[in-house]
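Here's the structure, in C-alpha cells; my notes come after.
The values are calculated or read from the model by the stated rules, or taken from the named source; none is laboratory data. All values derive from a computational prediction rather than experimental measurement. As a convention, Cβ positions derive from the backbone with ideal geometry for all residues, glycine included, and neighbour counts pool all protein chains shown.
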Amino acid sequence: MPKLTILPDNKTLEAQDGDLILDTTLNNNIAHAHACSGEGKCTTCRVLVLDGLDHCSSITEKEEILKQKIHSTEEFRLACQTNIHGDMTIRRLVLNKEDIEMTSTLDGRDLGRLGVTKKIAILFSDIRGFTSFSEKITPYDVVFILNRYFNRMVAIAESYGGRIDNYIGDGLMVLFGINDEPDPALAAVQSALDMCDEIDDMKPYLKTMYGESFDIGIGVHFGDVVVGDVGAGKSKRLTAIGEAVNFASRVESANKQFRSRVLISEETHDEIKDVLKVKDFVRTNLPGIEDRVTLYEIEDITAVVEKAEKNEFTENSIIWRKFTSTASFEDEPQQILVVKRDNILVIKCNEKFFAINDRCPHMLLSLKGSDIDLENETITCRWHKSGFCYKTGEIRAWINDGKMRFFAKIDSQAKEILNIEQTPMDVFKTRVIDDYVWVGMDPDY
C-alpha cells in the first residue's frame, strides 16, 4: 500500500494504488485548497513532488494546459489530476503566513467552497442618457429617481430568481442560476424584457415631474463562471468571477452602438433559441474580444416563464425574510433562522411570534432552550441567568446566578465573566403572511 508523506503538515498517509492525491489528503482531513472542486480548472491544489516523481501518473490534458499557463516544471503537479502509484513525498504550496491562516480556519472539504464552477446567466443593465438627465435636477432628486428605478428593476429580477450582485453607478449586475435555479438563461432574458416594459411605464411619470425621461440597455450572456465568497470581513459576499462576466458587460455596452434595448450573446441564444422571438442580429467586434461575435436583439419570448417563489422582500428599508410555517411552532416553540453567519431565535409566546439574536449579549452563548416568562415577557439565559425582554431587548437581570457571584469573590476568571459590559439584546420584527413567519431586519444585518 503506497504511503504519501505530505508537508508542511508532516503527516504520512496510506493510500490505495491509483488514488488521487487530492482525494487522499481530503479524506484524511487535510485542509487542501481546491477552488474549482477538483475539476482541473485552477491551480490552487498544486503540489511540489519532493520524492517519488516516477510514482506519479502521467500528466492529463487538463493539467498540461494549466502547467503551460503557469510555466511550471515537472516537479509541480495538480493534486486533483495526479494518481498515486507508489511512495511519495509532496509539499502543499501554501505560499505565506496569510495563506496558512486562511486555510487553518477552514475544515477539510469545506475549503472547496472557496470557488465552484457553474454555468449561469449574467445580466447587465445601464441607463441611457442619465448623465444629461441628472445634470438638470438636484442631487436629492437623482438619488430619489435612482432608488425608484432600482426598486422596480430589482423586484423584477428577483421575481425570476435573479440575485443582485452589484450596483455600478446607474447600472445593475444580476446573476441567474447562482443557487442552481432552473432555466437561468430563460429567466434572465424574460427579466430583461420585463425591465424594458417597466421603464416604459415610468416614462410618463418622469416627463411629468422632470420634463424628460431616459431609457435602458440590457445585455445577457450565458457562460461558465467561478462562484464563491470574495472579500473579507463584513464586506465579504458571494459573487461570480470569470471571462463570462466581462463578456456580459460588453454585450450590454453594444446596445449604444446598435441603438437597441436587449442584446444577448450567441451562447444565450443557443440555450433558449426555440422560444425566442428575434428582432435582429449582428456580427461585430467587442472591446477586448479577439474574434467577431454574434449578438441577437430580442423582441419577445414565446414560452411562459415561471416566477420564482419569493423568500425575501424589502419594505420601508427593512428586509423581510421568509422563515417557516406557523404550524411548525406547535411542536417546537423555539426555532433558529440562519441569516448569513448569524442565528436568529424565533419564539412563539401567547400566539405571537418574536425574534431575537440567539447569542446572549453576556457570553455570546446560544439562548435556544432558555426559560420564557410569559407574564413578564422575559427570556432568561440558561447559562448564567441573564434576563432580557424578548419584545424590546432591554436587560431585566444581568447574571442572576448566585454560584457565579460567589465564585467571583475568589476566582479572577469568574469575576471577569461577571464584570462583562452589560449590553441589550438585539430584537427583530416579525409578521405572518399566508401562515408563514417572516422576520424583518436592517439590510446591513
Inset, instruction - Return yes or no: is SER249 among the hydroxyl-bearing types (Ser, Thr, Tyr), out of contact with any Asp or Glu (no Cβ under 8 Å at 6 or more places or on another chain) and either assigned by TED's automatic domain parsing to the domain that holds PHE133 or part of a helix (DSSP H, G or I) (or both)? - result: yes
Inset, instruction - Go over the candidates LEU295, LEU263 one by one and state the one that is closer than 16 Å to CYS196 by Cβ and in contact (Cβ under 8 Å) with a residue 40 or more places away in the chain. - result: LEU263
Inset, instruction - Report yes if some residue within segment 272-280 is closer than 30 Å to ALA355 by Cα, in contact with a Phe, Trp or Tyr (Cβ under 6 Å, 6 or more places away or on another chain) and in a strand (DSSP E or B); otherwise report no. - result: no
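Conditions (1) in a loop (DSSP other than H, G, I, E, B); (2) touching a Leu at 6+ places or on another chain (Cβ under 9 Å); (3) modelled with pLDDT of 85 or more, marked per residue:
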{"site": "ASP23", "(1), (2), (3)": "no, no, yes"}
{"site": "ALA35", "(1), (2), (3)": "yes, yes, no"}
{"site": "THR44", "(1), (2), (3)": "yes, yes, no"}
{"site": "LEU48", "(1), (2), (3)": "no, yes, yes"}
{"site": "ILE90", "(1), (2), (3)": "no, yes, yes"}
{"site": "GLU101", "(1), (2), (3)": "no, no, no"}
Inset, instruction - Select from segment 339-380 the residues that are touching an Asp or Glu at 6+ places or on another chain (Cβ under 7 Å) and assigned to a loop (DSSP other than H, G, I, E, B) and write down the one among them that is nearest to ASN311 (Cα to Cα). - result: LYS368
Legend entry - Enumeration of residues in segment 1-56 that are under 16 Å from HIS85 (Cα atoms), surrounded by fewer than 17 Cβ atoms within 10 Å (Cβ to Cβ) and among the acidic types (Asp, Glu): GLU14, ASP17, ASP51, ASP54
Legend entry - Only listed residue being under 30 Å from ARG237 (Cα atoms), surrounded by 13 or more Cβ atoms within 10 Å (Cβ to Cβ) and at pLDDT 95 or above, chosen from LEU345, LEU337: LEU345
Legend entry - Residues of segment 227-268 satisfying the condition of being hydrophobic (A, V, I, L, M, F, W, C), modelled with pLDDT of 90 or more, over 17 Å from PRO287 (Cα atoms) and within 26 Å of the chain's Cα centre (by Cα): ALA240, ILE241
Inset, instruction - Residues being under 14 Å from MET173 (Cα atoms) and among the aliphatic types (A, V, I, L, M): count how many of those fall in segment 205-224. - result: 3
Legend entry - Scope segment 282-327; condition among the basic types (Lys, Arg), within 20 Å of the chain's Cα centre (by Cα) and closer than 27 Å to GLY217 by Cα; matching residues: LYS310
Inset, instruction - From (1) exposed (fewer than 13 other Cβ atoms within 10 Å of the Cβ); (2) in the same structural domain as LYS277 (by TED's automatic domain parsing), pick out the condition that doesn't hold for VAL293. - result: (1)
Legend entry - Within segment 284-320, tally of residues that are among the basic types (Lys, Arg) and in contact with an Asp or Glu (Cβ under 8 Å, 6 or more places away or on another chain): 1
Legend entry - Residue ranges of strands (runs of 3 or more DSSP E) in segment 140-232 with at least 2 members free of Cβ contacts under 8 Å to residues at least 24 places away in the same chain: 163-168
Inset, instruction - Considering only residues that are among the hydrophobic types (A, V, I, L, M, F, W, C) and at pLDDT below 95, look in segment 210-226 and name the one that is nearest to VAL245 (Cα to Cα). - result: VAL225
Inset, instruction - Return the residue satisfying two criteria in turn: it lies in segment 362-376 and is buried (at least 17 other Cβ atoms within 10 Å of the Cβ) and in contact with a Lys or Arg (Cβ under 8 Å, 6 or more places away or on another chain), and of such residues it is nearest to GLN422 (Cα to Cα). - result: LEU367
